[in-house]
């Protein structure tokens, strides 16, 4: 919005494919910030991404109604068939889904020092399901 106010082209790096843009509170917050910067209110919650959106996850992570025509999405590399699977993965059971739980490096910024115990809780819950499970933070039960 600051770039828009200065007449500078802008782009949005989108890290939230499941963000609730349709929620009226989102548009209200956008407009409060726009007014505070001396910009006119808008009626489209996607306005901040109208020029260019770069998604840091694949397009499939976005619900169809949230995929913007001018957006660009991360495209994972296509693995070649001649590369063997990592042995740690190749030897996992194939009769059930693999679930990887990871909270990322910023978890302690959100929940303090409880990050690892939250991950342990997730792993314990997954232990009750018929899945092969893995966990981030150097933890593979």
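The values are calculated or read from the model by the stated rules, or taken from the named source; none is laboratory data. If you're wondering where the values come from, they're calculated on a predicted model, not measured in any experiment. Ideal geometry is used to build each Cβ from the backbone, glycine not excepted, and the neighbour counts take in all protein chains shown.
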- line: Conditions (1) in the same structural domain as residue 119 (by TED's automatic domain parsing); (2) in a loop (DSSP other than H, G, I, E, B) -> residue 51 fails only (1)
query: If you check every pair at least six apart or on different chains, which have Cβ atoms under 6 Å apart with a residue in the stretch 67-79 that is without any contact (Cβ under 8 Å) to a residue 24 or more places away in the chain first and a residue that is assigned to a loop (DSSP other than H, G, I, E, B) second?
result: 73/58; 74/56; 74/57; 74/58
Filter result (assigned to a loop (DSSP other than H, G, I, E, B) and over 20 Å from residue 3 (Cβ atoms)) within the stretch 20-41: 20, 22, 23
